[in-house]
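Following: one structure in structure tokens, then a few remarks.
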Amino acid sequence: MILNLLLGPDPALLGTPQMSESPFSLLPAASTNAQELDNVYLFITALCAISFVILIGAQIYFMVKYKKPASGHRKTSPLTHSGKLEFWWSFIPAVLLIGLFAWGETLYMKMVAPPDDALQIRVTGQKWFWTVEYPDSGAKLTDEIIIPINVPVKLTLTSNDVIHSFYIPVFRQKKDAVPGRYTNMWFEATKVGVYPLFCAEYCGDQHSSMIGTAKVVSMEDFEAAIEEASRIVQLPNEPLPDYGARVFAKRGCESCHSVDGTTKTGPSLKGKYGAQETLADGSTVTIDDNYIRESLMEPNAKIVQGFAPQMPSFTGQLTDEQIVGLIEYIKSLK
Ligand code: HEC
Ligand SMILES: [Cu+2]
């Protein structure tokens, strides 16, 4: 119980992958820069620990050694200072600090300058999800970034509304996604795995649900996944509702709409087809094909009562085939 309070909620409940085996272990380092950054960090920590022992140790030693006697006075030492001692206690820390600066600065320069041949990925933050686009293939993912291992990757970040911050702790990378501006981040993943990613800038009341996964996979798996993501086309013999379910998952509808009755940013779509919906102005409409289509193309035309107009428009982003799939899928959610 107390341990739970100390450690916080189970990450599995938050919908992010587990970061490390034990909450007491250091974060895993899954990129080239992460490892080097950890080295600097651990070196500074060790240096601080050693300095602490030397300084506080000397202080305690002198306190005891030169304690005022119970009666009378000690004679004050005739020595004024030691030039030799003062030189060394200035020189050694100065060398250490300059060394730390040089080490930190070279690593920093490396971390902010992406290599020319880096793989390009675009990331857009929006209340409260991330869209990840691969310009070479047109693939688009939501709240998920897939990265090939041992390949430098450069992200170009921006935001559609407020300032968000894209943060992948295992890569030791965090950068603001600012509306009207592009920022960059780069890394080279070194360990295959599924890692959490977060928004690290408070961006509204559902900021804490702006989470996702960073998947590091082999080059073959990467190509297959991107290929898959770039064409959400109906498979031969795939029933329309199943196809719609895939579109629903791939196009990020899931981040705002549940299909089990729970309310997220948007209303749950369970059992909605054919039902009456009360709109913000108090009027009612029947949820049918046209209403769903309109919700996708012009989400602000009719706002559901009790909800904010936060759904993005999908005009030009969904094919007719995909819209039909979505309608049939919503119809199937009884
Ligand atoms: C950023 C969050 C968000 C995303 C992503 C999103 N929606 Fe919505 N959606 C909403 C909100 C909020 C509403 C209610 C307000 C309104 O009517 O615009 C809504 C309303 C709807 C409605 C009307 C529901 C009702 O009960 O009347 C449908 C249908 C719908 N969305 C389908 C979708 C589909 C399909 C997708 C994926 C292609 C999607 N939405 C993506 C937030 C979102
Ligand atoms: Cu955010």
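Listed by first and then second residue, the pairs linking a residue in the stretch 121-135 that is free of Cβ contacts under 8 Å to residues at least 24 places away in the same chain to a residue that is within 14 Å of ligand 2 (Cβ to nearest atom) and in a strand (DSSP E or B), with Cβ atoms under 7 Å apart and 6 or more places separating them unless they lie on different chains, are 132/123.
Please determine, by comparing only the residues of the stretch 145-172 that are within 16 Å of ligand 2 (Cβ to nearest atom) and among the aromatic types (Phe, Trp, Tyr), which one is surrounded by the fewest Cβ atoms within 10 Å (Cβ to Cβ). Among those that are within 16 Å of ligand 2 (Cβ to nearest atom) and among the aromatic types (Phe, Trp, Tyr), it is 167.
When the stretch 294-305 is limited to residues that are assigned to a loop (DSSP other than H, G, I, E, B) and in contact with a strand residue (DSSP E or B) (Cβ under 7 Å, 6 or more places away or on another chain), the one that is surrounded by the fewest Cβ atoms within 10 Å (Cβ to Cβ) turns out to be 305. Scanning the stretch 173-188 for residues that are within 16 Å of residue 114 (Cβ to Cβ), open to solvent by 40 Å² or more (accessible area, probe 1.4 Å) and of a type outside the set (D, E, K, R) gives 182, 184. Restricting 105, 86 to those that are within 24 Å of residue 31 (Cβ to Cβ), in a helix (DSSP H, G or I) and either of a type in the set (D, E, K, R) or in contact (Cβ under 8 Å) with a residue 12 or more places away in the chain (or both) reduces the list to 105.
For the stretch 112-121, the criterion of a residue being within 16 Å of ligand 2 (Cβ to nearest atom) and in a strand (DSSP E or B) is satisfied by no position. If you go through the stretch 173-183 and keep only what is away from ligand 2 (no atom under 14 Å from the Cβ) and free of Cβ contacts under 8 Å to residues at least 24 places away in the same chain, you end up with 180, 181. Whether a residue is part of a helix (DSSP H, G or I) and open to solvent by less than 70 Å² (accessible area, probe 1.4 Å) was assessed, and residue 274 does not pass this test.
Residue-wise test of (1) more than 16 Å from ligand 2 (Cβ to nearest atom); (2) in a helix (DSSP H, G or I); (3) open to solvent by 30 Å² or more (accessible area, probe 1.4 Å); (4) free of Cβ contacts under 8 Å to residues at least 40 places away in the same chain.
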site	(1), (2), (3), (4)
263	yes, no, yes, yes
267	yes, no, no, no
270	yes, no, yes, no
281	yes, no, yes, yes
307	yes, no, yes, no
317	yes, no, yes, no
321	yes, yes, yes, no
327	yes, yes, no, no
330	yes, yes, no, no
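Does residue 230 count as polar (S, T, N, Q), within 32 Å of the chain's Cα centre (by Cα) and either modelled with pLDDT under 90 or away from ligand 1 (no atom under 14 Å from the Cβ) (or both)? Yes; evaluated as a whole, the condition is true for this residue.
Taking the conditions (1) more than 16 Å from ligand 2 (Cβ to nearest atom); (2) acidic (Asp, Glu); (3) within 21 Å of residue 160 (Cβ to Cβ) in turn, residue 223 satisfies each one other than (3).
Annotation note: of 291, 243, the sole residue that is aromatic (Phe, Trp, Tyr), open to solvent by less than 60 Å² (accessible area, probe 1.4 Å) and over 24 Å from residue 231 (Cβ atoms) is 291.
Here is a yes/no grid of residues against (1) within 16 Å of ligand 2 (Cβ to nearest atom); (2) surrounded by 10 or more Cβ atoms within 10 Å (Cβ to Cβ); (3) modelled with pLDDT of 95 or more:
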site	(1), (2), (3)
44	no, yes, no
47	no, yes, no
56	no, yes, yes
69	no, no, no
72	no, no, no
80	no, no, no
86	no, yes, no
133	no, yes, no
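The values are calculated or read from the model by the stated rules, or taken from the named source; none is laboratory data. Bear in mind that the values here come from a model prediction, so they are computed numbers and not experimental data. Because the Cβ atoms are built from the backbone with ideal geometry, glycine has one as well, and the counts that use them run over all protein chains shown. Note: areas computed on protein heavy atoms with side chains; ligands, DNA, RNA excluded. Shrake-Rupley method; radii C 1.70, N 1.55, O 1.52, S 1.80 Å.
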